[in-house]
Amino acid sequence: MKQSFLPILTVLFCGLAVVAAANAGDAGSLPATASDYKILAPITHGDLTVFPVVSTRVHDTSDFITLDEGIRSGDVVVTEVGNLHSTMRRRPPYQVRPYSGAEVNRLVLVNNSKHPLILLAGEVVTGGKQDRVVGKDRIVPAESDPVDVFCLLRRTWRWTETSAKFDTHASVMLQPSVRMKAMADQDQQKVWDEVANSRKNMSDAMLHTPAPGLTAAEAAGAQAELSGTTSYAKSRANAVVQKQVESITEPMQKSYESVIKQLRNQNAVGVVIAVKGHIVWADMFASSALLGKYWPKLLDSYATEALTMPGERGETSIKEAQRFLENWQARHEVVDSEPGLYRQRELIGEKFRAFQLTSIVDERCV
């Protein structure tokens, strides 16, 4: 057998920082080096700063699909375990582990497409009886058996079906502080706690950072709506919260598009994110095309972090952002893999964690 390696996603966090990257080459080492990535001049609006990142490497990711693409086309189906037979386009046999009691409500995903599916930790799925979130970065093979990839995103057992259809609710991605809990801690209680904290901060932001034209009555109504839900997706869909987020994302998007247009031939693959002058997050991908697919939901998540992150404002620089991408010296490593499909490496350093998702394709030698 011959193995072809394509690291699709690498995640690095320093306190609150994450990097998602993808490079082909030696899968035994993290790809980020000074020669691979170059930090560009930042784009800033309010408390949010985005450092575009370009790469010297170019990779073909056209064979992969995203969760949003798969659900939109109908090729990827998210369903309750009991509805599996109606969602499979192929006949059994397929293996699903048994569920009992409260776990009957657990969701599974089926990739009926002819392309491998990339799942990013933090992608939110709504519908049925509970919000769910993708628990870890992974790749689901084409024409897959059902896989269990979701965690509950709110703590309640009073299951009331809101919709029989499952979707990605306007492409919601958990903001970095919540996404970090899902990725690094893998502790359901900590995720719930961080979701509750985020909702509180959204409510507080209505008072401290009011949306343009927001009246006191509108703010009070929006706060009442936030206090009446435990759903992260519904909180993000709150009209006032959305207006506040858009007041950040719209000017950022225009500036970003202008920069990327000028750098069309420089292969923009990611961003480093600073909130209030503190570098907190970065997402990098194997190609500009893959970054483009995720960019709208990622930008929304960054803006939500800027809206809700407490603390004093500071200053950061291009040099600090560049050092952030280069400081990947790990003292501990954990590997999780699915043979012939993907490998995920978690590297733990002095003040960071890094996650690298690598696609591993087995090819028969001819």
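Judged by the mean number of other Cβ atoms found within 10 Å, the most tightly packed of the peptides 173-185, 48-60, 283-295 leads the ranking 173-185, 283-295, 48-60.
The HN-Hα couplings worked out from phi for the stretch 237-250 by the Karplus form 6.51 cos²θ - 1.76 cosθ + 1.60 (θ = phi - 60°) are 7, 3, 4, 6, 4, 4, 5, 5, 5, 5, 5, 8, 6, 5 Hz, whole numbers, x standing for Gly and Pro.
Put simply, when 191-199, 227-235 are sorted by average Cβ atoms within 10 angstrom per residue, most first, you get 191-199, 227-235.
Greater than 29 Å separation of Cα atoms is the criterion. Which listed pairs, LYS114/LYS181; LYS181/LYS243; LYS254/LYS276; LYS38/LYS190; LYS234/LYS319, meet it?
Working: LYS114/LYS181 32 Å; LYS181/LYS243 26 Å; LYS254/LYS276 20 Å; LYS38/LYS190 35 Å; LYS234/LYS319 38 Å.
Listed pairs above 29 Å: LYS114/LYS181; LYS38/LYS190; LYS234/LYS319.
Each label point was placed 7 Å from the Cα along the Cα-to-Cβ direction; for GLU338 and VAL259 their separation is 3.4 nm.
If you plug the beta carbon distance of SER73 and GLN188 into 1/(1 + (r/R0)^6) with R0 = 45 Å, you get a FRET efficiency near 0.90.
No value in this document is a laboratory result; all are computed from the given coordinates. Owing to the predicted nature of the structure, the values given are computational and were not obtained by experimental measurement. All Cβ positions, glycine included, derive from the backbone under ideal geometry; neighbour counts span all protein chains shown.
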